Structures are given as structure tokens and as C-alpha cells.
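Visitor: I have a structure here, written as C-alpha cells, and I will follow up with some questions on it.
The values are calculated or read from the model by the stated rules, or taken from the named source; none is laboratory data. Since the model is a prediction, treat every value here as computed from it, not as a measurement. Here the Cβ is made from the backbone with ideal geometry for all residues, glycine too, and neighbour counts use every protein chain on show. Quick note on the areas: whole protein, heavy atoms, side chains included, nothing else; ligands and nucleic acids left out. Shrake-Rupley method; radii C 1.70, N 1.55, O 1.52, S 1.80 Å.
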Amino acid sequence: MRSKKCLLLVDNYERIKDEAVRGFLLNLPEPSKALLTSRQFTLRQAWVIPLKGMEQDEALALMRAEGQRWGLESVRRAGDKILLRLYKATGGAPLAIKWAIGQIKQRGQSLDSVLGRLYGARDDIFEFMFSRSWEMLSKDARCILMAMPIFATSASREALEAVSDVHTYGLDEGLGQLVEMSLMETRGGLEEGQQRYSVHPLVRAFARAKLTESKLEEAYHLSAARYFLDHFEPYAGYRNWLGYRGYPKMAMDLENLLTVREWCWTRGNWALVLEFQRLLSRFLDAQGAWHQRLQLGQQTLQAAEHLKDEPAKLKALLEDMGWTHARLGDYQRAKDLAQEALRIAETLGDTFYIARSHNLLGTMSRYEQDYKSALRSYQKALEIAKAESTDERDRRLIASLSADLGCIAYEKGRLDKASQLFEYACSELEEIGDESRRAMVLCYRGDLASDQGDAEGAKSFYGEGLLMSQKTGRLHYVARALLGLARVEKRTGNFTQALLRAQQAREIYQRLGTERRVNEANQLVEQLEQAVTEEESATDEEN
């Protein structure tokens with residue numbers, strides 16, 4: 001091996017127990033080299049090359065090549081969309097891809113059948129791929145791995161600890177073993193709280209099967225539910241105006257939160273469903289996840305009815321469903337829900353939600369330009385809120401209603417009155433510390449300044465509203481501020497900048513699914529595209 005260049009291949013190195021082999025490999029003479037495969041990083045001096053799944057294009061090419069090899073025209077000619085389902089299930093693992101295509105040929109199975117077996121880990125291929133690794137794992141590592149299917153995506157170390165009930169040294173060793181054996185991947189910063197753990201789709205399927213066998217599935221799900229509810233408690237509730245500070249963390253775990261909540265609902269754990277409503281409702285609204293919020297509301301409603309919890313039913317009808325339908329432009333449905341919520345609130349004697357129901361009814365009338373009905377509803381809500389003003393929640397409602405009345409004054413051309421109401425609302429919301437709602441009022445003030453010909457003032461209001469909306473994570477307010485800035489830039493002849501702002505606003509509205517706002521943004525984009533084209537043509541002619 002000194003006289004000739006040799007490549008020594010050692011497969012399944014973790015099975016070799018003879019220390020002499022290890023010594024030989026470490027002292028392999030130049031210029032020869034050794035290539036080892038192993039389920040564990042047992043040779044620390046080696047240069048480690050982790051094997052991952054194939055890239056999407058490579059995997060699709062392999063599927064079609066296998067289809068051709070097996071004479072399966074249906075696979076060879078299949079569109080990317082169909083084959084990507086197999087790519088997702090296998091995570092691009094070539095062995096699993098070849099096995100799946102072989103199953104379709106040899107056993108005449110459909111793609112759906114093969115996918116079902118992959119997701120359920122119901123075949124010998126899983127024993128072939130993972131049984132040896134499973135045998136090598138410590139008890140703690142096995143508990144941690146079985147916790148992974150509880151999470152829809154990646155999980156934090158803290159979450160894995162809570163669900164698996166493995167702690168301190170056992171957790172460190174278990175995670176280390178799983179990462180070393182490539183059964184788990186880690187990413188994130190160097191700080192402990194920044195690390196996230198994930199698994200390959202096939203590993204997830206195998207771990208799910210082991211979890212089912214262990215009879216720990218229910219206990220793990222309940223532990224996950226309790227962990228998330230406790231962990232994000234500081235950011236929950238309608239009285240917590242600073243809850244947005246936890247939104248980035250909640251966004252990272254959103255799919256996990258929704259998956260665990262869905263499990264609670266399917267198992268009929270109604271009390272936990274209501275707790276998740278309190279945790280997620282405002283967050284989903286802020287993020288513009290309105291269709292998910294509607295689903296949350298429907299399921300919360302069913303849970304509340306099972307528990308005969310009228311206050312929870314009231315909140316689901318009004319907040320999760322009523323206001324969400326309003327944001328999506330279904331005004332009649334929003335009004336119907338507001339009326340139903342009003343009846344429950346009056347029965348309960350809940351003055352805050354009586355006022356809040358009138359608030360929604362007024363807003364729907366205003367959107368439909370029925371200002372007389374809107375004014376009546378707003379004034380009724382304001383009268384109730386002022387009579388019961390006992391905490392910041394009531395003050396916020398009063399400030400919001402003042403801004404709503406300001407909108408009516410603005411739309412009816414009473415600009416001085418609108419200015420007074422907007423300024424009062426802004427001042428109150430600033431004192432309370434509710435930056436989220438204040439961002440919207442700043443946009444109203446931007447509209448007013450723009451109409452009064454104060455372009456710089458309008459830019460200032462919209463700009464501050466934009467920054468505040470971004471800070472508090474309110475996507476629809478971000479889009480509103482961008483659209484306002486686009487209109488101001490258009491008026492001042494800065495068409496290129498205006499077009500950029502309008503396109504950004506349109507993209508957000510498209511993601512939110514608000515058809516009326518999308519059309520509004522589309523119209524402005526078309527006007528600005530034409531203006532930019534004309535401006536460029538004029539410049540070319542001059543040159």
C-alpha cells in the first residue's frame with residue numbers, strides 16, 4: 001500500500017470490534033486511503049462526510065431512470081408534482097426510492113399504497129435500514145427519538161426534554177448519540193436555546209412506528225401540549241399587549257402548535273382545545289393566518305359546546321370567527337356572527353363583549369358605507385365601554401372606537417373632527433402601550449395628511465405605522481402602511497419607489513387572501529407600471 005495508491009473500503013465499521021483494525025486504519029501508509037461507512041462517528045480522527053438525501057432534481061432523475069429500468073412508463077413519464085410526493089416521503093434516500101419503484105413493479109402497488117407503507121413504516125426496508133441503529137441506541141436516546149414524531153417540524157432541546165422526560169446528562173448523551181448516528185440533525189446558533197433538532201422523513205416514520213409500539217403516544221402528546229401552553233403562556237391572552245414579543249418564537253413552532261392542538265381536538269380533550277384558543281387566537285390574527293384562525297374558531301366552538309362554556313363560545317364566535325370573516329371581506333357572515341355573539345354577551349351580562357359586538361357591527365356597516373348604522377353601533381359601544389371603563393382592555397376599546405368614529409368623520413369629509421379623534425386614539429394607545437392598534441391609527445392619520453396635501457407628514461405617519469406593524473408582527477397593517485406610502489410616492493411623482501411599495505403590499509394581501517385589498521393593490525400597481533413605462537420612454541426620447 002506504500003508502493004501503490006489503494007483505496008480500502010470498510011463497510012459497517014461500527015460492527016468491527018478488533019482494536020487492531022482501528023490501529024491499522026489510523027496508520028495507513030501514504031499514498032493509500034481508506035473510506036469507511038458507519039452508523040456512528042467512532043473514529044474521531046477521520047474526516048466525516050455525512051450522507052444526506054439526494055437533491056430534488058437528482059431524486060426525480062433517479063425515479064425516472066428506475067422507471068425505465070423496470071419498464072414502468074407511468075413512472076418514467078410522470079409529472080414532477082406526482083413524483084415529488086415520493087421524494088417528500090423518502091427524503092431523497094436512494095435506497096428507499098429504488099425500493100418504492102420496485103414495489104410498484106413487482107407487487108403491482110399504486111403510488112398511494114407505497115406512500116402509505118412508507119409513512120407507516122410498514123415494511124422490511126425499515127428493519128433493514130434502522131434495526132441495527134435502534135439496537136445500538138441507549139434507552140434515553142430511544143425515548144428522545146420517539147418524541148420526534150410528536151412535532152410536525154423541528155423541535156427545540158427544551159421541548160424534546162419535556163416530551164421524552166429525559167433530562168440533564170441523559171439528554172446530552174441521548175441527543176449526542178442520535179446526531180452521531182445521523183438519526184437526527186441539529187441546526188441553529190451556538191447558544192443552547194437556539195438549537196433545533198429534526199429527523200429525516202424515513203427516520204420519522206420509523207420512530208412513529210416505535211412510538212405506537214411503546215404505548216407512550218398519548219402521554220407524549222399530552223406532555224407536548226402542556227409544554228407549549230406553559231412555555232408560551234407569557235404571550236397569551238387579550239390583555240397582554242406585549243405578547244407580540246413572543247411571536248417570532250411562536251412562529252418557529254407554529255406547525256408544532258397546530259399539530260398538537262389538532263391531536264387534542266381529535267381526542268376530545270376539550271379543555272386543552274380552549275387553552276390553545278387563548279394561546280393562538282391573537283397570534284394567528286397578527287400573522288394573517290386567517291383561515292387557520294377560522295378553523296381554530298370552529299373547533300373551539302365545538303369544544304365550548306361540549307363543556308357548556310358560554311364565555312369561550314362567545315369569544316370564538318366574535319374574535320376567531322366574526323372579526324376574521326370581516327378581515328376576509330365576508331361582511332354578512334361577520335354581521336351574523338356579531339349578532340349571535342351579542343345575544344350571548346347580553347345573556348351573560350358581559351359588558352365588554354356587548355360593546356365589542358356593537359364595535360364589529362359598526363365596522364361592517366362602515367365598510368358597506370352605511371354610516372348612519374355604523375355611527376349608531378359605534379356610539380352604543382362607546383357608551384357601554386365608558387360606563388364600564390375599569391382596565392386597559394376597556395381603554396383600548398374606547399381608543400379603537402374613537403379611531404373608528406374618526407374614520408366615519410374622515411369619509412364624510414369632516415377632516416378636523418377626524419384629526420381630533422385620530423390624535424386622541426393615538427395618544428391613548430401610546431399611553432397604554434398598545435403599539436399594534438396604534439400602527440393602524442397612524443395609517444389613518446397618514447390618509448388624512450395625504451388628502452390635506454401634506455406629503456411629508458403622510459410619509460412620516462405611514463413610515464412610523466410601517467415600522468410599528470413590522471415590530472408587532474401585524475401583516476395586514478404592514479400592507480396597509482405600504483399601500484399608503486405607495487400612494488404618497490405616486491402623488492409626488494416618485495413612480496419607481498411607489499411601484500415597489502405597491503407590489504410589496506399586493507404580495508402580502510395575496511398571502512392573506514383578502515380579495516378586496518388585492519384588487520385595490522392591483523389597480524394601483526397597474527397605474528404605476530404605466531407611469532414608470534411612460535417615464536422611461538420620455539427619458540429615452542430625451543437621450
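Visitor: Pairs only if they're at least six apart or on different chains, beta carbon under 9 angstrom, first in the range 221-232 and in contact (Cβ under 8 Å) with a residue 60 or more places away in the chain, second assigned to a helix (DSSP H, G or I) and of a type in the set (Ser, Thr, Tyr); list them, first residue then second.
Guide: Ser223/Ser164; Ala224/Thr259
Visitor: Continuing with this model, one more query. Specify which of the listed residues (Thr492, Thr472, Thr539) is of a type in the set (Ser, Thr, Tyr) and either under 26 Å from Arg282 (Cβ atoms) or modelled with pLDDT of 95 or more (or both).
Guide: Details: Thr492 fails: either under 26 Å from Arg282 (Cβ atoms) or modelled with pLDDT of 95 or more (or both); Thr539 fails: either under 26 Å from Arg282 (Cβ atoms) or modelled with pLDDT of 95 or more (or both).
Selected residue: Thr472, the only one of Thr492, Thr472, Thr539 that is of a type in the set (Ser, Thr, Tyr) and either under 26 Å from Arg282 (Cβ atoms) or modelled with pLDDT of 95 or more (or both).
Visitor: Further, regarding this structure: Mind checking which residues of the range 441-462 are open to solvent by 20 Å² or more (accessible area, probe 1.4 Å) and in a helix (DSSP H, G or I)? So that I can check it myself, show each step before the final result.
Guide: Restricting attention to the range 441-462, the residues satisfying the condition of being open to solvent by 20 Å² or more (accessible area, probe 1.4 Å) are 444-445, 447, 451-456, 459-461.
Those that are open to solvent by 20 Å² or more (accessible area, probe 1.4 Å) and in a helix (DSSP H, G or I): Tyr444, Arg445, Asp447, Asp451, Ala455, Glu456, Lys459, Ser460, Phe461.
Visitor: Something else about it: Can Val114 be described as assigned to a helix (DSSP H, G or I) and under 22 Å from Phe130 (Cα atoms)?
Guide: Spelling it out, Val114 is indeed assigned to a helix (DSSP H, G or I) and under 22 Å from Phe130 (Cα atoms).
Visitor: Return yes when Gln287 is free of Cβ contacts under 8 Å to residues at least 60 places away in the same chain and under 26 Å from Ile508 (Cα atoms) and no when it is not. Break it down into steps so the answer makes sense when it comes.
Guide: Details: free of Cβ contacts under 8 Å to residues at least 60 places away in the same chain: no; under 26 Å from Ile508 (Cα atoms): yes.
No: the conditions fail for Gln287.
Visitor: Moving on. Kindly list the number of the only condition in (1) closer than 28 Å to Tyr509 by Cβ; (2) at pLDDT 95 or above; (3) open to solvent by 60 Å² or more (accessible area, probe 1.4 Å); (4) out of contact with any His (no Cβ under 7 Å at 6 or more places or on another chain) that fails for Arg333.
Guide: (4) is the only condition that Arg333 fails.
Visitor: Scanning for something at pLDDT 95 or above and closer than 29 Å to Tyr353 by Cα, does the range 199-221 turn up at least one residue?
Guide: no
Visitor: Find the residue count for the range 296-311, including only residues that are surrounded by fewer than 21 Cβ atoms within 10 Å (Cβ to Cβ), in a helix (DSSP H, G or I) and touching a Leu at 6+ places or on another chain (Cβ under 9 Å).
Guide: 4
Visitor: Are any residues in the range 44-85 in contact (Cβ under 8 Å) with a residue 40 or more places away in the chain and surrounded by fewer than 10 Cβ atoms within 10 Å (Cβ to Cβ), and if so, which ones? Explain how you work it out, then say what you get.
Guide: Step one: of the range 44-85, the residues in contact (Cβ under 8 Å) with a residue 40 or more places away in the chain are 50-54.
Within the range 44-85, Pro50, Leu51 qualify.
Visitor: Counting only residues that are small (Gly, Ala, Ser), surrounded by fewer than 20 Cβ atoms within 10 Å (Cβ to Cβ) and under 22 Å from the mean Cα position of the chain (by Cα), how many does the range 129-169 have?
Guide: Of the residues in the range 129-169, 1 are small (Gly, Ala, Ser), surrounded by fewer than 20 Cβ atoms within 10 Å (Cβ to Cβ) and under 22 Å from the mean Cα position of the chain (by Cα).
Visitor: Does the range 341-349 contain any residue that is in contact with a Pro (Cβ under 9 Å, 6 or more places away or on another chain) and assigned to a loop (DSSP other than H, G, I, E, B)?
Guide: No, the conditions are met nowhere in the range 341-349.
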